[in-house]
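Q: If you scroll down you'll find the structure; I have some questions about it.
The values are calculated or read from the model by the stated rules, or taken from the named source; none is laboratory data. From a predicted model like this one, the values you see are computed outputs, not experimental measurements. Note that each Cβ is placed from the backbone with ideal geometry, even for glycine, and that neighbours are counted across all protein chains shown. Accessible surface areas use protein heavy atoms only, side chains included; no ligands, DNA or RNA. Shrake-Rupley method; radii C 1.70, N 1.55, O 1.52, S 1.80 Å.
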Amino acid sequence: MRSELRETRLSVKDLVDEVASTANFESKKLMMEAYQASGIAKAEAAKVDICQDIMANDAKTRVHVVSLDLSSLDSVRAAAKQVKDSFGKIHVLINNAGVMMGQQNMTADGYDMVMQANHLGHYLWTRLLLDRMDKEGRILCLTSSTYSYAERIDLDDLFCTKGRRVYSLFGQYAQSKLANILFVQEEELKRQRQ
């Protein structure tokens, strides 16, 4: 069964509205601030502010933060274990992180940093948490229209290490974003078949 690539374009506001209604958050403004945060320091500050504001608005709400480094597969495994040990069903899983690098760097795991941080980390994270997904749960993978620069996924040289492709800023980023789309699309097809 061949499936066509389906692209859904949501603005950040649309995405926040969707997640807020699904997750039953009262303050969409707080989620907007999280999406607008960039850089580690800003993200950490936004995380603290968001947690405090959510708890101030609803004393019964508990906020749990699980940190993970997508450029470390050990960190991804540890974070997934922490989630599994601490929580029940997952209703919404949002994969939203990425890097774009002018020069190729390799991770401690031996993979291209862009492909690992943008795709492999999300792939492993999602696979490790699939058994906790609610039947009606949603997996959202925020990506980029840059995926269209990749005419096809190059599985023979995914990490630009075999000489089939020359590493480039947009080329590798596009490959990683196309990999995100293909992965989530395949997961959705599997769920539909069940």
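Q: With over 15 Å from the mean Cα position of the chain (by Cα), assigned to a helix (DSSP H, G or I) and among the charged types (D, E, K, R) as the only criterion, which of Arg165, Arg152, Arg127, Arg191 stands out?
A: Answer to the selection: Arg191.
Q: Additional query: Take the residues of the stretch 131-149 that are touching a residue at least 24 places away in the same chain (Cβ under 8 Å) and outside any strand (DSSP E or B): which is nearest to Gly88 (Cα to Cα)? It would help to see each step written out before you state the result.
A: Initially, the stretch 131-149 is screened for residues touching a residue at least 24 places away in the same chain (Cβ under 8 Å), giving 132-134, 136-144, 146-149.
Still in the running and outside any strand (DSSP E or B): 132, 142-144, 146-149.
Details: Arg132: 7, Leu142: 24, Thr143: 27, Ser144: 31, Thr146: 35, Tyr147: 34, Ser148: 37, Tyr149: 39 Å.
Filtering first and then ranking leaves Arg132.
Q: Among the numbered conditions (1) open to solvent by 30 Å² or more (accessible area, probe 1.4 Å); (2) modelled with pLDDT of 80 or more; (3) closer than 16 Å to Val76 by Cα, tell me where Gly121 comes up short.
A: (1)
Q: Next question, about the same structure. For the stretch 44-67, give me each residue that is modelled with pLDDT of 70 or more, open to solvent by less than 90 Å² (accessible area, probe 1.4 Å) and not in a helix (DSSP H, G or I).
A: Matches in the stretch 44-67: Asp58, Val65, Val66, Ser67.
Q: Cβ-Cβ under 7 Å, sequence separation 6+ or interchain: first residue in the stretch 94-113 and at positive phi and surrounded by 15 or more Cβ atoms within 10 Å (Cβ to Cβ), partner in a loop (DSSP other than H, G, I, E, B) and of a type in the set (Val, Ile, Thr). Which pairs?
A: Qualifying pairs under 7 Å: none.
Q: Just checking, how many residues over the stretch 126-147 are open to solvent by less than 40 Å² (accessible area, probe 1.4 Å) and more than 11 Å from Phe183 (Cβ to Cβ)? Explain how you work it out, then say what you get.
A: Within the stretch 126-147, the first condition is being open to solvent by less than 40 Å² (accessible area, probe 1.4 Å), and the residues that meet it are 126, 129, 133, 137, 139-141, 144, 146-147.
Going one step further and asking which of them are more than 11 Å from Phe183 (Cβ to Cβ), we end up with 129, 133, 137, 140, 144, 146-147.
Residues meeting the conditions: 7.
Q: Determine whether the stretch 96-117 contains at least one residue that is under 19 Å from Gly137 (Cβ atoms) and under 19 Å from the mean Cα position of the chain (by Cα).
A: Within the stretch 96-117, one or more residues are under 19 Å from Gly137 (Cβ atoms) and under 19 Å from the mean Cα position of the chain (by Cα).
Q: Where residues in the stretch 68-93 are under 26 Å from Ile181 (Cβ atoms) and among the polar types (S, T, N, Q), which of them is surrounded by the most Cβ atoms within 10 Å (Cβ to Cβ)?
A: Ser71
Q: Residues of the stretch 167-194 being modelled with pLDDT under 85 and open to solvent by 70 Å² or more (accessible area, probe 1.4 Å), which ones?
A: Matches in the stretch 167-194: Glu188, Lys190, Gln192, Arg193, Gln194.
Q: When you check Ser71 against the structure, is it in a helix (DSSP H, G or I) and of a type in the set (Ser, Thr, Tyr), yes or no?
A: Working: in a helix (DSSP H, G or I): no; of a type in the set (Ser, Thr, Tyr): yes.
For Ser71, the condition - in a helix (DSSP H, G or I) and of a type in the set (Ser, Thr, Tyr) - is not met.
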